[in-house]
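The values are calculated or read from the model by the stated rules, or taken from the named source; none is laboratory data. The structure presented is a predicted model; accordingly, all values stated were derived computationally and were not measured. Glycine also receives a Cβ, built like all others from the backbone with ideal geometry; neighbour counts cover every protein chain displayed. Quick note on the areas: whole protein, heavy atoms, side chains included, nothing else; ligands and nucleic acids left out. Shrake-Rupley method; radii C 1.70, N 1.55, O 1.52, S 1.80 Å.
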Amino acid sequence: MLKKNNDLMGAVDVYSKYPLDLDNNKQTSGDSFDDAYICGELVSLLISAQNYDDPRLTKYLIIWAKIFGISIIEKYIAILDKANKVKACKEVYASVHGKSVDDADLQQFFKLKGWI
């Protein structure tokens, strides 16, 4: 209903109330697929609203990618990259791989992507 009325941020607020199982988001159980669906919807809504600085965006990108793999979010990372949201891109990649943004291996990858 909120999406139909173009109240994208209202829809984000409603979906954000869904209790994610953050302890289970690395496993492919039925619960994690539910979490992935909600995260995917939230990411789509936030990107559609061009609300790139919302802290929930990186959170949901990370959870979604941890469940289905980094390739599921590549399209959204490209959008963030084009919007010059490099810090968010680096944070997502580092968190999904369980590393610090300052990790030497990731630094090489970030250079390759043009984020450094």
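Here is the list for segment 43-100: chymotrypsin sites (Phe, Trp or Tyr not before Pro) lying in DSSP coil, each with at most 16 other C-beta atoms within 10 angstrom of its C-beta, are Tyr52. If you run the Gaussian network model on the chain, springs between alpha carbon atoms under 10 Å, then out of Leu57, Leu106, Leu46 the most flexible one is Leu106.
For the chain, the square roots of the Cα gyration tensor eigenvalues, ordered a ≥ b ≥ c, give a/c of at least 1.5 with a/b no greater than b/c, which places it in the oblate category. Rolling a 1.4 Å probe across the protein heavy atoms gives the chain an accessible surface of 58 Å² per residue.
Structure note, pairs Lys17/Lys87; Lys82/Lys113; Lys17/Lys66; Lys87/Lys111: Cα-Cα distances above 22 angstrom occur for Lys17/Lys87. Rounded to the nearest 20, the Cβ-based charge dipole of the chain about its Cα centre (Lys and Arg +1, Asp and Glu -1) stands at 380 debye. Of the accessible area of segment 68-116, computed with a 1.4 Å probe over protein heavy atoms only, carbon and sulfur atoms account for 52 percent.
Given the convex hull of the Cα atoms of segment 37-83, what is a quarter of its surface area in nm²?
Computing the convex hull of the Cα atoms and averaging its projections yields 2.8 nm².
Of Ile62, Trp115, Val12, which is farthest on the positive side of the dipole of the chain, counting Cα position, with +1 on Lys and Arg Cβ, -1 on Asp and Glu Cβ, and the Cα centre as origin? Final value for the positive-end residue is Trp115. Whole-Hz Karplus values for segment 82-90 come out as 5, 7, 6, 9, 5, 4, 5, 4, 5 Hz, taken residue by residue from phi with 6.51 cos²θ - 1.76 cosθ + 1.60 and θ = phi - 60°; glycine and proline positions read x.
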